[in-house]
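Peer 1: Here's a structure for you.
The values are calculated or read from the model by the stated rules, or taken from the named source; none is laboratory data. On a predicted model such as this, the values are computed, not experimentally measured, just so you know. Cβ placement follows ideal geometry from the backbone for every residue including glycine, while neighbour counts extend to all protein chains displayed. The accessibility values were calculated without ligands, DNA or RNA, using every heavy atom of the protein model including side chains. Shrake-Rupley method; radii C 1.70, N 1.55, O 1.52, S 1.80 Å.
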Amino acid sequence: MTTLLFDEYTQAIKNRAIELNGTAVVVELLSGKALTGTLSYALADGPQATKYYPNALTVTVSTKAYTVRLDAIAAIGQG
């Protein structure tokens, strides 16, 4: 049951990241910190010419890019 809830949670974060890709966001981390910048979350190349959304996204703050795992995110909002 715990795995199912975790999978649903990460899928919700993934869906929100897809929705906000390319926009200004605030990403709240489970650690209590926040990143404010531009979100980049795009399809990646998989095996046999398939495409998939990865388990990490990128937030660019000023000129520095931060890669954040989806399971480390508490919330994503427009910023």
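Peer 1: Mind telling me which of ALA17, ALA49, ALA65 comes out most flexible in a GNM of the chain, alpha-carbon contacts under 10 Å?
Peer 2: Maximum among the listed residues: ALA49.
Peer 1: Label GLN11 and VAL26 with points 7 Å out from Cα along Cα→Cβ: what is the distance between them in nm?
Peer 2: Computed distance between label sites GLN11 and VAL26 equals 2.9 nm.
Peer 1: Now for a separate question. From the protein chains alone at 1.4 Å, what is the descending order of accessible area for ASP71, ASP7, ASP45, largest first?
Peer 2: Largest accessible area first, the list is ASP45, ASP7, ASP71.
Peer 1: Let me ask you something else. Extent of region 19-63 along each principal axis, from alpha carbon coordinates, in Å, largest to smallest?
Peer 2: Projected onto its principal axes, the Cα set of region 19-63 covers 38, 21, 20 Å.
Peer 1: With the chain treated as a Gaussian network of Cα nodes joined by springs under 10 Å, which of TYR41, TYR52, TYR66 yields the largest mean-square fluctuation?
Peer 2: TYR52
Peer 1: Then there's this: Nearest 0.05, what FRET efficiency do ALA72 and ALA49 give at R0 = 22 Å with Cβ-Cβ as r?
Peer 2: Efficiency, from the Cβ-Cβ distance: 0.15.
Peer 1: Sticking with the crude label model, points 7 Å out along Cα→Cβ, report the distance from LYS64 to LYS33 in nm, one decimal please.
Peer 2: 0.8 nm
Peer 1: Mind sorting out which of (1) 35, 33, 18; (2) 67, 28, 27; (3) 42, 39, 16 is the real Cα extents along the principal axes in Å computed from the coordinates?
Peer 2: (1)
Peer 1: Given a 1.4 angstrom probe, what's the average accessible area per residue across the chain, in square angstrom?
Peer 2: 65 Å²
Peer 1: Follow-up question, since we're still on this one. So what is the calculated 222 nm ellipticity per residue for the chain, using -39500 (n - 2.57) for each DSSP H run with n of 4 or more, over all residues, to the nearest 500 deg cm²/dmol?
Peer 2: My calculation for the chain gives -8000 deg cm²/dmol from helical runs alone.
Peer 1: May I ask you to compute the full-extension gain from GLU19 to ALA42, defined as 0.36 nm times their residue separation minus their alpha-carbon distance, rounded to one decimal in nm?
Peer 2: Length difference between fully extended and current span is 7.2 nm.
Peer 1: For the chain, calculate the relative contact order in percent as a whole number, restricting contacts to Cα pairs under 8 Å that are 6 or more residues apart.
Peer 2: Computed value for the chain: 33 percent relative contact order.
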